[in-house]
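The values are calculated or read from the model by the stated rules, or taken from the named source; none is laboratory data. Note that the structure is a prediction, hence the values are computed from the model and not measured. Here the Cβ positions follow ideal geometry from the backbone for every residue, glycine too, while neighbour counts run over all protein chains shown.
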Amino acid sequence: MSGNIHVSPSDRQAVVGVIDPDVSTAATYLTAAIDMSLWQSIQAIVLVGTLGSSATIDAKLTQATASGGAYKDVTGKGIVQLTDAGSDSDKQAIINCRAEELDVANDYRYLKLSVTVGTATSDMGAIVMGTDARYQPGTDLTSVDEVVR
């Protein structure tokens with residue numbers, strides 16, 4: 001076995017973005033800005049419950065040079081659309097991204113997960129996990145109520 005067996009997964013990862021699970025109307029939902037200068041990588045997990053009739057779910061990562069700046073897509077970091085017609089209710093989709101996959105040459109360092117519910121109200125939520133904080137320990141969002149080790 002490699003690695004330190006005394007380090008729990010929550011010591012290497014933190015909740016850095018969230019779209020609270022809920023019944024979501026047709027709209028675009030975003031996490032707060034995630035500063036990728038603090039993390040080696042992230043994993044965004046989109047959770048889809050019951051999709052409404054003819055509903056679609058799109059999810060992608062977007063990036064900006066400032067937390068409140070104009071965001072553009074991160075190349076290659078979007079899911080194949082989930083659809084009611086495609087029997088995609090009660091499914092999950094995962095997007096992984098390393099900090100160096102952002103447009104670092106142009107100083108892009110902030111990231112958001114964008115999830116768009118199309119056509120019909122659907123059950124949906126998402127969580128973004130930061131992995132391997134550059135400055136240990138990493139910090140969970142203040143909305144994380146409890147971590148059991």
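Would you call Ala70 modelled with pLDDT of 95 or more and under 13 Å from the mean Cα position of the chain (by Cα)? Break it down into steps so the answer makes sense when it comes.
Working: modelled with pLDDT of 95 or more: yes; under 13 Å from the mean Cα position of the chain (by Cα): no.
Considered against the rule, which asks whether it is modelled with pLDDT of 95 or more and under 13 Å from the mean Cα position of the chain (by Cα), Ala70 comes out as no.
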- Task: Hey, can you tell me all the residues within region 31-52 that are assigned to a strand (DSSP E or B) and either more than 10 Å from the chain's Cα centre (by Cα) or of a type outside the set (S, T, N, Q) (or both)?
- Result: Ile34, Asp35, Trp39, Gln40, Ser41, Ile42, Ala44, Ile45, Val46, Leu47, Val48
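Which residue out of Ala59, Ala55 is under 12 Å from Gly118 (Cβ atoms) and either among the acidic types (Asp, Glu) or under 14 Å from the mean Cα position of the chain (by Cα) (or both)?
Details: Ala55 fails: either among the acidic types (Asp, Glu) or under 14 Å from the mean Cα position of the chain (by Cα) (or both).
Criteria check complete, one pass: Ala59.
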- Report, ordered by the first and then the second residue, all pairs with beta carbons closer than 9 Å, sequence separation of six or more or different chains, a first member in region 84-109 that is touching a residue at least 60 places away in the same chain (Cβ under 8 Å), and a second member that is loosely packed, with under 14 Cβ neighbours inside 10 Å and not in a strand (DSSP E or B). Ala99/Ser37; Ala99/Arg134; Arg109/Ser37; Arg109/Ala66
- Query: If you go through region 11-27 one residue at a time, do you hit one that is at pLDDT below 95 and either loosely packed, with under 12 Cβ neighbours inside 10 Å or basic (Lys, Arg) (or both)?
  - Reply: yes
- Item | Scan of region 87-124 for residues that are surrounded by fewer than 19 Cβ atoms within 10 Å (Cβ to Cβ) and within 10 Å of the chain's Cα centre (by Cα), ordered by number | Ile94, Asn96
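Would you say Lys60 is in a strand (DSSP E or B), touching a helix residue (DSSP H, G or I) at 6+ places or on another chain (Cβ under 9 Å) and among the charged types (D, E, K, R)? I'd like the intermediate steps shown before the answer.
Numbers: in a strand (DSSP E or B): yes; touching a helix residue (DSSP H, G or I) at 6+ places or on another chain (Cβ under 9 Å): no; among the charged types (D, E, K, R): yes.
So Lys60 does not fit the description; no.
So which residues in region 76-115 are small (Gly, Ala, Ser) and either within 22 Å of Ala55 (Cα to Cα) or in a loop (DSSP other than H, G, I, E, B) (or both)?
Applying the first criterion (small (Gly, Ala, Ser)) to region 76-115 yields 76, 78, 85-87, 89, 93, 99, 105, 114.
Within region 76-115, Gly78, Ala85, Gly86, Ser87, Ser89, Ala93, Ser114 qualify.
Residue-wise test of (1) assigned to a loop (DSSP other than H, G, I, E, B); (2) farther than 19 Å from Ala14 by Cα; (3) of a type in the set (D, E, K, R).
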residue	(1), (2), (3)
Ala66	yes, yes, no
Val74	no, yes, no
Val117	no, yes, no
Tyr135	yes, no, no
